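Enquirer: Have a look at this one before I ask anything.
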Amino acid sequence: MSAPPQAGSSSQQQQQAELQAALKARLIQSGEMLGVLKTKLDEAGWEDKLRSTAREKARGQEPPSLNNLVKELEPHALETVPVNVRKEIEDMLQKFVEKNVEE
């Protein structure tokens, strides 16, 4: 008899990666969360604030570089997502996963 796969085995990792890819594809196809996220971020003024920060940082670059600007802004953008928006999206993701994953 062969031993059952242990936690973290390559087979389990492969299955998890496939599941994540399938969920991501379904999530993107539905477009539901992206619309909600955009609306919530717009309501919070997040995009306008980020755009303002981007302009300030771009003015400080000589010469301006899109790649450098994105690298510099990404952590700031993630950190400044309002807590209530982050929580709402996390809840929606949890429900999406529960709905789309069979036990």
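The values are calculated or read from the model by the stated rules, or taken from the named source; none is laboratory data. What you are looking at is a predicted structure, and each value in this text was computed from that prediction instead of being measured. Glycine also receives a Cβ, built like all others from the backbone with ideal geometry; neighbour counts cover every protein chain displayed. Side chains are part of the model used for accessible areas, which takes the heavy atoms of the whole protein and leaves out ligands, DNA and RNA. Shrake-Rupley method; radii C 1.70, N 1.55, O 1.52, S 1.80 Å.
Enquirer: Which of these, Leu23, Leu34, Leu78, has the largest mean-square fluctuation under a Gaussian network model of the chain (Cα springs below 10 Å)?
Expert: Leu78
Enquirer: Counting only protein heavy atoms, what percent of the accessible surface of the chain is carbon or sulfur at a 1.4 Å probe?
Expert: Whole-percent figure for carbon plus sulfur exposure: 54.
Enquirer: Looking at (i) 15.3, 45; (ii) 18.8, 60; (iii) 19.4, 67, which value of Rg and Dmax of the Cα atoms in Å comes from a calculation on the structure shown?
Expert: Structure-derived value, by its label: (iii).
Enquirer: Which ³J(HN,Hα) values in Hz, rounded to whole numbers, follow from the phi angles of the stretch 49-65 under the Karplus curve 6.51 cos²θ - 1.76 cosθ + 1.60, where θ = phi - 60° and Gly and Pro get x?
Expert: 5, 5, 4, 4, 4, 4, 4, 4, 5, 5, 5, x, 8, 10, x, x, 10
Enquirer: Let me ask something additional. For the stretch 19-88, what is the accessible area per residue in Å², given a 1.4 Å probe and the full set of protein chains? Kindly include the intermediate steps, with their values, before the conclusion.
Expert: Details: 5330 Å² over 70 residues.
Here the per-residue accessible area is 76 Å².
Enquirer: State the extension gain, in nm to one decimal, for the chain segment bounded by Glu56 and Glu74, taking 0.36 nm per residue of separation less the distance between their alpha-carbons.
Expert: Values: separation 18, 0.36 × 18 = 6.48 nm, distance 1.47 nm.
Computed gain between Glu56 and Glu74 is 5.0 nm.
Enquirer: Related question: Rounded to the nearest 0.05, what FRET efficiency do Val101 and Ser65 have when you use their Cβ-Cβ distance and R0 = 35 Å? Write out the running numbers ahead of the final one.
Expert: Numbers: r = 41 Å, r/R0 = 1.18.
The pair Val101/Ser65 has a calculated efficiency of 0.25.
Enquirer: Go through Glu43, Glu88 and list them by solvent-accessible area, largest first, probe radius 1.4 Å. Before the final figure, lay out the partial values.
Expert: Values: Glu43 130, Glu88 70 Å².
Output order, biggest surface exposure first: Glu43, Glu88.
Enquirer: Also: Given contacts defined as C-alpha pairs under 8 Å and at least six residues apart, what's the relative contact order of the chain, whole-number percent?
Expert: 31 percent
Enquirer: May I ask you to derive the FRET efficiency for Gln14 and Glu43 from their Cβ-Cβ distance with R0 = 41 Å, giving the value to the nearest 0.05?
Expert: It comes out at approximately 0.55.
Enquirer: Can you give the charge dipole size of the chain about its Cα centre, rounded to the nearest 20 debye, using +1 on the beta carbon of Lys and Arg and -1 on the beta carbon of Asp and Glu? Can you show the working numbers first?
Expert: Numbers: 14 positive and 17 negative charges, 50 e Å.
The calculation lands at about 240 debye.
Enquirer: Sticking with this structure for a sec: Using the Karplus curve 6.51 cos²θ - 1.76 cosθ + 1.60 with θ = phi - 60°, what ³J(HN,Hα) values do you get for each residue of the stretch 71-85, in whole Hz, with x for Gly and Pro?
Expert: 4, 6, 7, 4, x, 4, 4, 5, 5, 9, 5, x, 4, 5, 5
Enquirer: Next up: What accessible surface, in Å², does a 1.4 Å probe find on Val97, ignoring ligands, DNA and RNA and rounding to the nearest 10?
Expert: Here the accessible area works out near 60 Å².
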